[in-house]
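Before any comments, here is the structure.
The values are calculated or read from the model by the stated rules, or taken from the named source; none is laboratory data. As the structure is a prediction and not an experimental result, all values here were calculated from the model. So basically every Cβ, Gly included, is an ideal-geometry build from the backbone, and we count neighbours across all protein chains shown. What goes into the accessible areas is simple: the full protein's heavy atoms, side chains included, and nothing from ligands, DNA or RNA. Shrake-Rupley method; radii C 1.70, N 1.55, O 1.52, S 1.80 Å.
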Amino acid sequence: MMGLRLYVLRHGEPERRDLFYGHYDLRLSAHGLEQARAQAEQLSVVPFVAIYSSDLMRARVGAQLIAERCGISLRVEPDLREMSMGELEGVAHSDALERYPQWARRSYLEMLDVRMPGGGESVRDLSQRALACVERIAVAHAGPASEGRWPTVLVYAHNTVGRVLLARAAGGTVAGYRAFVQRYGAMNRIDVPVHAEGNGGGSEGGNEAQRGNERERIDWSRAAIGYSNRDPLAAR
């Protein structure tokens, strides 16, 4: 059976937590950088075949630390970004309550189909691009198990991306994002079978080029998750 082992990480603590940020490009705080270093230390022995990151700095910095430890190149994917907050991007919570009170008071758990004004995204919007991105990653890297493990790939992203992937892997719909809390620095593992439809039947010996004409999909119904909501510094 073809498949992929995904490590799904959330970035460390950002330098500011008093404003709305989704696509807003924040740096990591000193504590967040320590969290990222702890992630890299703990994952340095994992045999990753590829490492993918959101293009936002707070994720990219942590992913680069792991890539350097593992000796492989980092691949940047904008589709792994956090959900856009539209006009509220970069606006302090206190200012947003004055300027956009009906939006600033909305709970994150109400955002499944709600978009902030000015081009914001809903959780469902984010799920469409993030899940499609992970499907592309699966097509590129899925393979047969070796020594009991499928090819292993790191996806370094954000709170909502991690929640959506965990909800899907748990057999639910995107609405299940509400059930999976992801604190800063959280690290999860998801094993996903990948099957091919179309010409060639997806034989286990096929390489990426041979599988290119087939329609390969993650079989989320048979995914297995290792869910974690732990601060990586807690292990020290």
Calculated FRET value between ARG136 and MET57, using beta carbons and R₀ = 30 Å, to 0.05: 0.85
Nearest-ten-degree value, helix 57-70 long axis tilted from longest Cα axis of the chain: 30 degrees
Net lengthening on full extension, ILE72/ASP18 (0.36 nm per residue, minus Cα-Cα): 15.9 nm
For the chain, with the dipole built from +1 on Lys and Arg beta-carbon atoms and -1 on Asp and Glu ones, taken about the Cα centre, which of VAL164, SER84, GLN35 lies farthest toward the positive end? GLN35
Nearest 500 deg cm²/dmol is fine: what mean residue ellipticity at 222 nm does the chain get from its DSSP H runs of n ≥ 4 alone, each adding -39,500 (n - 2.57), divided by its residue count? -9000 deg cm²/dmol
Beta bridge orientation in the chain: antiparallel %, DSSP, nearest 5: 60 percent
Compare the peptides 92-98, 125-131 by average per-residue count of other Cβ atoms within 10 angstrom and give them in order, highest first. 125-131, 92-98
C-alpha long axis of helix 159-169 to longest principal axis of the chain, angle in °: 40 degrees
Of all the Cα-Cα pairs you can form in region 1-70, what percent are over 17 Å apart? 44 percent
Compute from the Cα atoms of region 37-166 the Rg and the Dmax, the latter being the longest Cα-Cα distance, and quote both in angstrom. 17.3, 58
Nearest-ten-degree value, helix 30-43 long axis tilted from longest Cα axis of the chain: 10 degrees
Viscosity 1.567 mPa s, temperature 4 °C: give me the Stokes-Einstein translational D for the chain in µm²/s, with Rh taken as the Kirkwood radius over C-alpha pairs. 71 µm²/s
Where the chain is the region considered: accessible area per residue in Å², 1.4 Å probe: 45 Å²
Counting only protein heavy atoms and a 1.4 Å probe, tell me what percentage of region 1-79's accessible area is made up of carbon and sulfur. 46 percent
